Amino acid sequence: MAANYWESTQRKHWQFTKDELATMRQNLEDEDPGLVHMFPLPELRYLNIYFNQQINRLGKRLGVRQQAMATAQIYVKRFYTKIEIRRTNPYLLIATAVYLACKMEETPQHIRLVGQEARSLWPGEMHHTNAGETTTKMGECEFWLISEMNSQLIVHQPYRTLTARTPDFSLVPEEVSLAWSIINDHYMTDLPLLYPPHIIALTAILLAVVMLPTPKSAAGGASAANPQVPGLAAAQAALAQIRAGVVPTGTGGNSGSSTPTLTPQSSGGLTMLGENGGGVVGVVDNNGNKVIDPKLAKVQRIGRWLAESNIDIEAMIDCTQELISFYECHEKYNDKHTREQLNRFIKARGL
Amino acid sequence: MSLTNPPSAATGPGSGSAARTQTLKRSVQAAFEDPADRGIGSTAYQSKVRVIDRYKVVGFISSGTYGRVYKALGRQGQTGEFAIKKFKPDKEGEVVTYTGISQSAVREMALCSELSHPNVIRLVEIILEDKCIFMVFEYAEHDLLQIIHHHTQQPRHPIPPSTIKSIMFQLLNGCQYLHTNWVLHRDLKPANIMVTSSGEVKIGDLGLARLFYKPIHSLFSGDKVVVTIWYRAPELLLGSRHYTPAIDMWAIGCIFAELLSLRPIFKGEEAKMDSKKTVPFQRNQMQKIVDIMGLPTKERWPLLTSMADYSHLTTLQPPLSASHHGHHPHHHYQAQRQAGGGSHLEKWYYNTINQNAGGSGATSLQSLGAEGYKLLAGLLEYDPEKRLTAQAALQHPFFTTGDKVSANCFEGLKMEYPHRKVSQDDNDIRTSSLPGTKRSGLPDDSLVRPGKRMKEG
């Protein structure tokens, strides 16, 4: 069904386990080991970041809405589960995915305009002799893209869950904005191919609530004394408590000292996390007394709702873990190196 | 913005025969072969499946701006018959090139891939091959346009009430499924309602359908003109920017009326778009509605005055007080007229079911009784917020009064409807202009074909 995730082709055909994804990708490489050997590529997680950024660059130039860009992100991910990257020109695919996603999200852009922007954005990589050839190539690529996706073009995005839950959870604008940024970031990972959109959205909401300091806790000693309080760990601890059937209490949140440090860099969500130094569920004031934190109340409320709604907490914990890994890996990401390795096979193979 | 066509103009079977003047005729099978396309570069897209390997085309059904529909049988053990909708590619000169798929084709492919319901036409597969898109559907032997047409043949005779009831129930059931899945059909009309030989009703042609997720999507994005004009809801005619499921429900009301009287209830003439590309007020169509329904009032439709084209209403004629829709004035019904509405619908209804009272007992439309009127009035309610929803209509006493509704709309019929006409000729695939009818205006598709349509501002 088109608007019911549970009956959707997304759930039936485009949600995988990690093992399934790994097998599919291995099979693609095994199809032509020579090609893989000749053109080494950065790890897929770095490619994911690169593709994400290129989609966003093109989308911004075209003034495309977030929703359509998110759909384009998914199209590219789906396509590369079926087709080996080295057989394609990723820039052509990205331009085509944006063009198709805009139609699907009811904000159509003319194929020539998308092609023109892509050509000026990537002049060396969109190496067609003229605009007409770019259009033809994009039109052909659209057939390929739709065919590999089995015409399953309707994508359910986490943004809807975020919007729907905002009033129920009494989220403040800062929380919504941070959750939104985390959702944007998750397109740089495999998460959209692993978990349902509502799981992603709920994880982003919980993270946002846990990490943003309330005015009271910001003034208190806890987060100021330790600017690297691991907010992600706090969220994981809260989830662990929900899983154990305990409504989060404030004690679990401070325990995750072994989790990675977050630094303010690069992605929007990460920057916000860094600036705010993460947060804690329970707060101890300057005199060492426990105070009732409004944030704690909010986390408890969300926790109750998650438990009552039979939300897959395991999945949320794993999502959180994936996001931690992503933010770590994001620090080591090298844009120039990634671009060069991609462009090498595009040029050499004349794609 | 092809607003240049007569409304609805029968997209039904066989409507393509008019322009069959091509000298070069090819077999229908040949329509699926395009030798010019073979042997392009090694990197070119090639379909993994070839449509002619999978299907044997047995005839041509109909055509439209999108392309053509063929009847086919499976070659690889698939059971049943199929209707293959072939979207033609754009052409530049004599060379067929990739120019991007139209938005309506994209919508139809995407929606049909998700939907699954006994009262919505079933998509079997989609094959993208040789710059063409082939959507393979289950085949339906009939459609409502064809069934209505059959009953207008001399001697004109009404559709049996049990058939009408079953059709309405199945149509509403399919529509409810679409609406609960946030899909608006937006072009419901008799030609788009298929009926299989076993009497199952299937909503077809989702080329104009759209999702209407509430919080995020604004349903106004420029495509103001939707739904063949005779079935267009009054709020759209008055310039509403908000599509709701209620526009489909109005269309279903119009279809119900047409099943009863065998002619479109509001058969207006479409006003053409002027040279400035402004969307005109559809005065003639609105007048046709007012003639039967009376002028809408803000008492019965509180948001009426906020409609963009509300001012045009004052230029319409109130309906004549004397009956001009039938020969049998039923004065006692006039007394029952709802206050303020000035509606002639009740009179129209009773005139219709009495006038066509050919048979007797269960075969007479009179057996549909007062509940039939109430259902019709609930669907043809001016205020979209008060109009029956698909779910409410399914609960209507109309369906629980009298005989049980059958899942086979032909149950108990002694006759069989004529089969869909399937022609054995086909024009050359390379002809640039295909005969047939076009859709009503679809400005949002205009972005796809710059050479042929105007880009909207």
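The values are calculated or read from the model by the stated rules, or taken from the named source; none is laboratory data. As the structure is a computational prediction, the values presented were derived from the model and not from experiment. For neighbour counting, all protein chains shown are included, and Cβ atoms are generated from backbone atoms with ideal geometry for every residue, glycine included. For the accessible areas, the whole protein counts, side chains as well, though only heavy atoms, and no ligand, DNA or RNA atoms are used. Shrake-Rupley method; radii C 1.70, N 1.55, O 1.52, S 1.80 Å.
Tabulated results
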{"read-out": "Members of segment A:192-214 found to be surrounded by fewer than 24 Cβ atoms within 10 Å (Cβ to Cβ) and out of contact with any Lys or Arg (no Cβ under 9 Å at 6 or more places or on another chain), listed by number", "value": "A:Tyr195, A:Ile199"}
{"read-out": "Selection from segment B:106-134 of residues that are of a type outside the set (S, T, N, Q) and more than 10 Å from chain A (Cβ to nearest Cβ)", "value": "B:Pro118, B:Val120, B:Ile121, B:Arg122, B:Val124, B:Phe134"}
{"read-out": "Selection status of A:Leu323, in the same structural domain as A:Asn184 (by TED's automatic domain parsing), over 20 Å from the mean Cα position of the chain (by Cα) and modelled with pLDDT of 90 or more", "value": "no"}
{"read-out": "Count - residues of segment A:116-163 that are surrounded by fewer than 19 Cβ atoms within 10 Å (Cβ to Cβ), more than 7 Å from chain B (Cβ to nearest Cβ), farther than 19 Å from A:Leu100 by Cβ and under 27 Å from the mean Cα position of the chain (by Cα)", "value": "1"}
{"read-out": "Selection within segment B:99-119 - within 23 Å of A:Ala101 (Cβ to Cβ), open to solvent by 20 Å² or more (accessible area, probe 1.4 Å) and free of Cβ contacts under 8 Å to residues at least 40 places away in the same chain", "value": "B:Ser113"}
{"read-out": "Residue among A:Glu29, A:Glu20 that alone is under 26 Å from B:Glu114 (Cα atoms) and either open to solvent by 50 Å² or more (accessible area, probe 1.4 Å) or among the aliphatic types (A, V, I, L, M) (or both)", "value": "A:Glu20"}
{"read-out": "Counted residues, segment A:330-345 - those being part of a helix (DSSP H, G or I) and in contact with a Ser or Thr (Cβ under 9 Å, 6 or more places away or on another chain)", "value": "2"}
{"read-out": "Extreme residue, nearest to A:Met149 (Cα to Cα), among residues of segment B:120-137 that are open to solvent by 10 Å² or more (accessible area, probe 1.4 Å) and within 18 Å of the chain's Cα centre (by Cα)", "value": "B:Leu123"}
{"read-out": "Some residue of segment A:166-180 being at positive phi and either touching a helix residue (DSSP H, G or I) at 6+ places or on another chain (Cβ under 6 Å) or surrounded by fewer than 21 Cβ atoms within 10 Å (Cβ to Cβ) (or both)", "value": "yes"}
{"read-out": "Subset of segment A:338-347 [in contact with a helix residue (DSSP H, G or I) (Cβ under 8 Å, 6 or more places away or on another chain) and surrounded by fewer than 19 Cβ atoms within 10 Å (Cβ to Cβ)]", "value": "A:Arg339"}
{"read-out": "Residues of segment A:84-110 classified as modelled with pLDDT under 95 and touching an Asp or Glu at 6+ places or on another chain (Cβ under 6 Å), total", "value": "0"}
{"read-out": "Residue that is modelled with the lowest pLDDT [pool: residues in segment B:139-183 that are over 16 Å from B:Ile121 (Cα atoms) and within 14 Å of chain A (Cβ to nearest Cβ)]", "value": "B:Trp182"}
{"read-out": "Qualifying residue in segment B:184-192 (condition: among the charged types (D, E, K, R), buried (at least 23 other Cβ atoms within 10 Å of the Cβ) and within 12 Å of chain A (Cβ to nearest Cβ))", "value": "no"}
{"read-out": "Residues located in segment A:80-109, provided they are over 18 Å from B:Gly100 (Cα atoms) and among the hydrophobic types (A, V, I, L, M, F, W, C)", "value": "A:Ile83, A:Ile85"}
{"read-out": "Test for B:Leu365: is it modelled with pLDDT of 95 or more and crowded, with 20+ Cβ neighbours inside 10 Å", "value": "no"}
{"read-out": "Residue tally, condition charged (D, E, K, R) and touching a residue at least 60 places away in the same chain (Cβ under 8 Å), over segment B:55-79", "value": "2"}
{"read-out": "Selection within segment A:90-112 - touching a residue at least 40 places away in the same chain (Cβ under 8 Å) and either open to solvent by 10 Å² or more (accessible area, probe 1.4 Å) or facing chain B (nearest Cβ under 8 Å) (or both)", "value": "A:Leu92, A:Tyr99, A:Leu100, A:Met104, A:Glu105, A:Thr107, A:Gln109"}
{"read-out": "Segment A:63-73, subset under 16 Å from the mean Cα position of the chain (by Cα) and more than 13 Å from chain B (Cβ to nearest Cβ), residue surrounded by the fewest Cβ atoms within 10 Å (Cβ to Cβ)", "value": "A:Met69"}
{"read-out": "Lone unmet requirement of (1) in a helix (DSSP H, G or I); (2) more than 30 Å from A:Gly115 (Cβ to Cβ) for B:Ser113", "value": "(2)"}
{"read-out": "Evaluation of B:Cys254 against (1) open to solvent by less than 10 Å² (accessible area, probe 1.4 Å); (2) closer than 19 Å to B:Gly342 by Cβ (one fails), failing number", "value": "(2)"}
{"read-out": "Meets criteria (in a helix (DSSP H, G or I), touching a residue at least 12 places away in the same chain (Cβ under 8 Å), touching an Asp or Glu at 6+ places or on another chain (Cβ under 9 Å) and open to solvent by less than 50 Å² (accessible area, probe 1.4 Å)) for A:Ile49", "value": "yes"}
